[in-house]
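A.B. asks: Below is the structure I would like to discuss, written out as structure tokens.
Values quoted throughout were computed directly from the atomic coordinates according to the rules given, and no laboratory measurement underlies them. Quick caveat, the model's predicted, so the values are computed rather than measured. Cβ placement follows ideal geometry from the backbone for every residue including glycine, while neighbour counts extend to all protein chains displayed.
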């Protein structure tokens, strides 16, 4: 082929254009490779993770300068994982925390970045009280709350109606009458777990521990009465006799989802899973009520999830951008809509999608009757010896008083030395 | 020539060991151990961790179950393994296939076996519960809810997992026994039982001693099965010393106490180890050392 001058010009123009395009592409690629990658350990359950993945990809497209690398960490051992990793200078930039038990402990260990300067004043004023109390420690903010929660009574409306019960039980003794109508294995399913027994302890006027007063209440007369009442549920044809402590949570959910048990006690995180069950094809068959009142009060453990930034993080600023975005009212509304999670921001409750979510509204009634269980940096450890004692109680190896005393003495020796054990 | 080896051993084993022993004399926990941002602030407390542990009635209970767990497992590994090895040590059809199938429990990763068994034991949705229900039993035992049943359940699982290894080792031992000896005994009129007792068993001794000692060490140290099936529950009933030490370190974050557990466990294993070496030396089986 003969190269005419004209062709040569065209060819060189084309070459220049091509080169320019290549350079442009390279530059574009370079800008993405310059994006900061933040690592994120998340502990959400299957249904929540679906929503989270969606939100993270939305975040990445609106914030091209930040990439989020998510790793699932089992909720059951997230404390051990993060504590050990962060202590050794490793672990993620962002960790999802179980606010009330985790944050104060990690802050006291010096493992967290102080978020006080990284969260806007507007957001700080907008957190609900239940969310903010666990996120603060010694006057500083260490976590950005995402949700609040508490245990509530779940019931199968049709099963209750079939026994002529129109409303949920209002008192703990009424709860016993209710579930006795169902026979041994169909009234209520409960857990052999320190966390699940708390409403009964508070309902009978007892308590756990007070860091301010340096007193342990779990072995007080009233607490023992609550623990004994919980134990009786398993022995008077009320609660499903708990015969498998290893699989009890899953078995409780399976029974309730399949209409094999009329009531359970659980938190907002489980509602999306409950609604996937065959017993709740008609979703209004699933109802949430406050935990019944006891002779000494009414209570449920205040909890919730939040996000913390590891002090090892080299990109705390970008990490803060991410968690501030993820906990903004608009994103909380999506979690509320998809997973019935209770927002941590007051303004989110004004959004229509939250306001008209009746499960959230039902849970809000429980939040008003919920109990602050924060117990300082050691608060996360209180269940370690609590749960085995409850297991021994329910398997008939310990009396309520002996179980309570064993919990109190282990707390006193391991967690709260010098505290007074109130009788 | 020795220097690189000494260096590697020193960094990989010596340093952690020494640090562990030192920590066991301190009150280190997650707040005092220190990290990149907070200086360590733990203090030496002498032998307090050790005296606390030895005085703790929970520790004595756990040590008791550890002994039961170790000896029950090794006993059943050996007896069942020997029976299977004897059964397989005869000419038969599909011997290779049987041997392969019997290896399955050992070949499956333990965490998968543990989850499978946890599902089998599930009450009321598990396989055993459903099976007993079909057989007309009103209520199956609470495999993971009753302390004694939970202990039986984890031991059963570990027996299931450990038998193949013992079987294979003993089968090797059986095949190494000189067939002429057995033939000669038969010609002399020894009964089958007598031949087993006086020829086969003595011939198995070197292998058997090694298998039992290794079994003792492995079972004593076994962690996965219990941790994944019962997590030590109900109420610490199935806790063994290793899972109990793990709990002190990673649930309670009492590093000083956990280190003391580590030292106690190590000294127990040193006893086993010395026994093992002595036995091997006595057998004159250098190949096994």
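A.B. asks: Given a Förster radius of 35 Å and the C-beta distance between residue A:34 and residue A:54 as r, what FRET efficiency does 1/(1 + (r/R0)^6) yield to the nearest 0.05?
C.D. replies: Computed FRET efficiency for residue A:34 and residue A:54 comes out at 0.85.
A.B. asks: Is the range B:90-146 rounded, prolate or oblate when judged by the Cα gyration tensor, a ≥ b ≥ c being the square roots of its eigenvalues, rounded requiring a/c under 1.5 and prolate requiring a/b larger than b/c?
C.D. replies: oblate
A.B. asks: Another question, then. Would you mind ranking B:149, B:160, A:202 so that the residue whose beta carbon has the fewest other beta carbons within 10 Å leads the list?
C.D. replies: Listing B:149, B:160, A:202 from fewest to most nearby Cβ atoms yields B:160, B:149, A:202.
A.B. asks: From the square roots a ≥ b ≥ c of the eigenvalues of the alpha-carbon gyration tensor of the range A:302-408, which class results: rounded (a/c under 1.5), prolate (a/b over b/c), or oblate?
C.D. replies: Verdict is oblate for the range A:302-408.
A.B. asks: Can you work out the FRET efficiency for the pair residue A:221 and residue A:69, with r the C-beta to C-beta distance and R0 = 45 Å, to the nearest 0.05?
C.D. replies: Step by step, r from the Cβ atoms, then E = 0.30.
A.B. asks: Tally the DSSP beta bridges in chain A and give the antiparallel ones as a percent, rounded to 5.
C.D. replies: Bridges in chain A are about 60 percent antiparallel.
A.B. asks: Against the longest principal axis of chain A, how steep is helix A:46-62, in degrees 0 to 90 to the nearest 10, with axes from Cα atoms?
C.D. replies: Value to nearest ten degrees: 30.
A.B. asks: What's the average, rounded to a whole number, of partner chain beta-carbon atoms within 10 Å of each residue's beta-carbon in B:117-125?
C.D. replies: Taking the mean over all residues of the peptide, I get 5.
A.B. asks: Starting from the 7 Å offset along Cα-to-Cβ, what nm value, one decimal, do you get for the label separation of residue B:205 and residue B:31?
C.D. replies: Output for this residue pair reads 6.0 nm.
A.B. asks: With axes computed from alpha carbons, what is the tilt in degrees of helix A:248-257 against the longest principal axis of chain A, rounded to the nearest 10 within 0 to 90?
C.D. replies: Tilt of helix A:248-257: around 90 degrees.
A.B. asks: Students often check this: by mean Cβ neighbours within 10 Å, which of B:37-50, A:385-398, B:210-223 ranks highest, and how do the rest follow?
C.D. replies: So the peptides B:37-50, A:385-398, B:210-223, ranked by packing, come out A:385-398, B:210-223, B:37-50.
A.B. asks: Suppose we look only past 25 Å in the calculated P(r) of the range A:64-205. What percent of the Cα-Cα pairs does that tail hold?
C.D. replies: 50
A.B. asks: Let me ask something additional. Under 13 Å from a point placed 7 Å out from the Cα of residue A:372 along the Cα-to-Cβ direction: which residues of the range A:188-226 have their backbone N that close?
C.D. replies: Those under the cut-off are A:210-213.
A.B. asks: Can you tell me how much longer the chain between residue B:180 and residue B:218 gets when fully stretched, taken as 0.36 nm per residue apart minus their C-alpha distance, in nm with one decimal?
C.D. replies: Full extension from residue B:180 to residue B:218 adds 10.1 nm.
A.B. asks: According to a simple spin-label model (label point 7 Å from Cα along Cα-to-Cβ), what is the distance in nm between residue A:125 and residue B:47?
C.D. replies: For the pair residue B:47/residue A:125, the computed spacing is 6.4 nm.
A.B. asks: Now for a different question. Just to be sure I understand the model, the point goes 7 Å from the Cα along the line to the Cβ. What's the resulting residue B:5 to residue B:60 distance in nm?
C.D. replies: The answer from the label model is 4.5 nm.
A.B. asks: Calculate the length of the line joining the C-alpha centroid of the range B:123-142 to that of the range B:213-289, in whole Å.
C.D. replies: 34
A.B. asks: If you take the Cα Rg of the range B:43-288 and divide it by 2.2 N^0.38 Å, with N the number of residues, what do you get?
C.D. replies: Here the answer is 1.21, to two decimals.
A.B. asks: Rounded to the nearest 500, what is chain B's calculated 222 nm mean residue ellipticity when only DSSP H runs of at least 4 contribute -39500 (n - 2.57) each, over all residues?
C.D. replies: Helix-only estimate at 222 nm: -22500 deg cm²/dmol.
A.B. asks: Cα axis of helix B:255-283 to longest principal axis of chain B: angle in degrees, 0 to 90, nearest 10?
C.D. replies: Value to nearest ten degrees: 30.
A.B. asks: While we're on this one: From the mean inverse distance of alpha carbon pairs (Kirkwood) and the Cα radius of gyration, derive Rg over Rh for the range B:1-140.
C.D. replies: 1.15
A.B. asks: Out of all DSSP beta bridges with both ends in the protein assembly as shown, state the antiparallel percent to the nearest 5.
C.D. replies: In the protein assembly as shown, DSSP labels about 60 percent of beta bridges as antiparallel.
A.B. asks: Between residue A:365 and residue B:13, what is the FRET efficiency for a Förster distance of 41 Å, r being their Cβ-Cβ separation, to the nearest 0.05?
C.D. replies: 0.10
A.B. asks: Considering only C-alpha atoms, what is the centroid distance from the range A:35-101 to the range B:154-210, in Å?
C.D. replies: Using only Cα atoms to place each centre, the spacing works out to 55 Å.
A.B. asks: Work out the mean other chain Cβ neighbour count within 10 Å for the residues of B:225-238 and drop it here as an integer.
C.D. replies: Mean inter-chain Cβ contacts per residue within 10 Å come to 4.
A.B. asks: Mind ranking B:77-89, A:213-225 by how tightly packed they are, going by the mean number of other C-beta atoms within 10 angstrom, highest first?
C.D. replies: Result, highest mean Cβ count within 10 Å first: A:213-225, B:77-89.
A.B. asks: Helix-only estimate, please: 222 nm mean residue ellipticity of chain A, summing -39500 (n - 2.57) across DSSP H runs of length 4 or more and dividing by its residues, to the nearest 500.
C.D. replies: -13500 deg cm²/dmol
A.B. asks: Let me ask another. With a ≥ b ≥ c the root eigenvalues of the C-alpha gyration tensor of the range B:1-68, is it rounded (a/c under 1.5), prolate (a/b larger than b/c) or oblate?
C.D. replies: Numbers: a/c = 2.80, a/b = 1.32, b/c = 2.12.
Oblate.
A.B. asks: Rank-order A:145-152, A:84-91 by packing density, defined as the average count of other C-beta atoms within 10 Å over each peptide's residues, highest first. Walk me through the numbers before you get to the answer.
C.D. replies: On the way: A:145-152: 26.4, A:84-91: 17.1.
In decreasing order of mean packing, A:145-152, A:84-91 become A:145-152, A:84-91.
A.B. asks: Compute the separation of the alpha-carbon centres of the range A:346-412 and the range A:116-156 and state it in Å as a whole number.
C.D. replies: For the range A:346-412 versus the range A:116-156, the Cα centre distance is 17 Å.
A.B. asks: If you don't mind, there's one more thing I want to ask. Fully extended, how many nm does the chain gain between residue B:120 and residue B:274 (0.36 nm per residue separation, minus their Cα-Cα distance)?
C.D. replies: So the chain would gain 51.5 nm between residue B:120 and residue B:274.
A.B. asks: OK, next. On average, how many beta carbons from a partner chain sit within 10 Å of the beta carbon of a residue in A:103-116?
C.D. replies: 2
A.B. asks: For a distance above 14 Å, tell me the whole-number percent of Cα pairs in the range B:37-112 that qualify. Mind dumping the intermediate values first?
C.D. replies: Details: 2241 of 2850 pairs.
The answer is 79 percent, as a whole percent.
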